[in-house]
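The values are calculated or read from the model by the stated rules, or taken from the named source; none is laboratory data. Quick caveat: nothing in here was measured; it's all calculated off a predicted structure. Cβ placement follows ideal geometry from the backbone for every residue including glycine, while neighbour counts extend to all protein chains displayed.
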Amino acid sequence: MADNSPPTEASLAMQRLRAEIVHGEVAPGAKLKLVPLARRYEVSRGPLREAASRLAAEGLLTFEDQRGFTVRAISRDDLLDVTRTRQRIEVLALRDAIEAGDLSWEGRVMSAVHVVERVTSRDGSGQRTEAYVMHHRAFHEALVSACPSVYLLDFRERLFALTERYRNLAAHDKVHGAKRDIAAEHRALAEAAVARDTSRACELLEAHLMTTATLLIDRYPEYFASP
């Protein structure tokens, strides 16, 4: 039976805090000050601490005794690590989705790629609009939506949030002209998936994810310079 109960204070606080971290509104390395944050969220410290503990389990926060919660720092090594891990997990999910997907899945994929193409910036600025962020996420979710493993999809979702945080942190600082056709990448990936060309779809997905990471490293040396 579906759980129709309203979300708890801890769940609502977790959703709000996760969004602020992923969107780059809370700086990497910043200490989480529970008292003013609880006041701003209008919740007590108990649910907020529970929310922070959940986000620490997801990798967005770290916790140390006597120091409390801190927003996870960013680095070149961490970006590459999370990207390579996401490649492995998302490719597994995509393989399973292609094998298990039916016509409804194909329709979801092609509908999602059509929408994300329509909201992709075409002016060469590379600026990420709110609509693009939402539909880009929906496209990647549609690709793997036929994967039967709940655990695999849950892990993929967590890795998506970690990589999304990097893209948003860079976008908050400055915007450079894009040198890739992101709409064409999405279209090729969608067409390979629904054509059941598993090898090509997985190769395209791996390249798509790593291209984003390498472009961020190249464009933002102040964040991702080698040690």
Worksheet item: Does Val43 satisfy the condition of being in a loop (DSSP other than H, G, I, E, B) and either modelled with pLDDT of 95 or more or outside the structural domain of Glu157 (by TED's automatic domain parsing) (or both)?
Response: yes
Of the conditions (1) more than 26 Å from Leu189 (Cα to Cα); (2) without any contact (Cβ under 8 Å) to a residue 60 or more places away in the chain; (3) part of a helix (DSSP H, G or I); (4) not aliphatic (A, V, I, L, M), the single one that Arg18 does not satisfy is (2)
By residue number, the members of region 21-40 that are without any contact (Cβ under 8 Å) to a residue 60 or more places away in the chain and in a helix (DSSP H, G or I) are Leu34, Val35, Pro36, Leu37, Ala38, Arg39, Arg40
Expected single match for under 18 Å from the mean Cα position of the chain (by Cα) and touching a residue at least 12 places away in the same chain (Cβ under 8 Å) among Ala100, Ala56 is Ala56
Just one listed residue, out of Arg86, Arg72, Arg18, Arg95, is buried (at least 16 other Cβ atoms within 10 Å of the Cβ) and touching a Gly at 6+ places or on another chain (Cβ under 9 Å), and it is Arg72
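Give Thr62, Thr8 a once-over and let me know the one that is β-branched (Val, Ile, Thr), over 17 Å from Ala161 (Cα atoms), free of Cβ contacts under 8 Å to residues at least 40 places away in the same chain and surrounded by fewer than 19 Cβ atoms within 10 Å (Cβ to Cβ).
Checking each option against the conditions leaves just Thr8.
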Of the candidates Arg67, Arg76, Arg72, Arg108, the one satisfying the condition of being of a type in the set (Lys, Arg), in contact with a helix residue (DSSP H, G or I) (Cβ under 7 Å, 6 or more places away or on another chain) and farther than 17 Å from Leu153 by Cα is Arg76
*asked:* Just checking, does region 40-53 include any residue being surrounded by fewer than 12 Cβ atoms within 10 Å (Cβ to Cβ) and either in contact with a Lys or Arg (Cβ under 6 Å, 6 or more places away or on another chain) or not small (Gly, Ala, Ser) (or both)?
replied: yes
